[in-house]
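Undergrad: Sharing a structure with you now.
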Amino acid sequence: MSISTSGNTAIMTEDCLPCKYQRRRCPAYCLLDPYFPHGHEQQLKNMHKLFGSGMVNVTKLVRTLEDPSKKDIAIRTIMVQSDMRAKDPVGGCYRVIQELQHQIECKQAELDQIYVPSLFVEPKMSIVCKCKR
């Protein structure tokens, strides 16, 4: 819990999950707060295990980006990578990408088998050209 005082009133705010995990006071401008709501402890642990050193590496990486949309994409990508690495310690995201590419190749081969023979089959109905020559 962080206590911030403004005038005569004290406002109690709950620390974000990354700050709570590191046992430090959560600043008002905390970079990781929107991405780790309470209840997502496992995602945070996965990220900590993969990138280490108390989220410092992640925050340094994200702070180098200037565009806020790129920061958002970077943090979400880091979260996905760490979750995939936790599920598959050897392959991680790379194995998932390989599997998806294999599925695309299989579906493309199916489409080729369906489409190519239909080019050589004579149409049963004659098509009348309605264009003016």
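The values are calculated or read from the model by the stated rules, or taken from the named source; none is laboratory data. Source: prediction; values computed, not measured. Every residue, glycine among them, receives a Cβ derived from its backbone with ideal geometry; neighbour counts consider all protein chains shown.
Undergrad: Quick check on my filter: what residues within the range 10-52 are closer than 18 Å to residue 68 by Cβ, aliphatic (A, V, I, L, M) and surrounded by 11 or more Cβ atoms within 10 Å (Cβ to Cβ)?
TA: Of everything in the range 10-52, those that are closer than 18 Å to residue 68 by Cβ, aliphatic (A, V, I, L, M) and surrounded by 11 or more Cβ atoms within 10 Å (Cβ to Cβ) turn out to be 31, 32.
Undergrad: Taking the range 78-110, which residues are under 12 Å from residue 50 (Cβ atoms) and polar (S, T, N, Q)?
TA: The answer is 81, 82.
Undergrad: Out of all the residues in the range 94-101, is one or more surrounded by 10 or more Cβ atoms within 10 Å (Cβ to Cβ), outside any helix (DSSP H, G or I) and modelled with pLDDT of 90 or more?
TA: No, there is no match, as no residue in the range 94-101 is surrounded by 10 or more Cβ atoms within 10 Å (Cβ to Cβ), outside any helix (DSSP H, G or I) and modelled with pLDDT of 90 or more.
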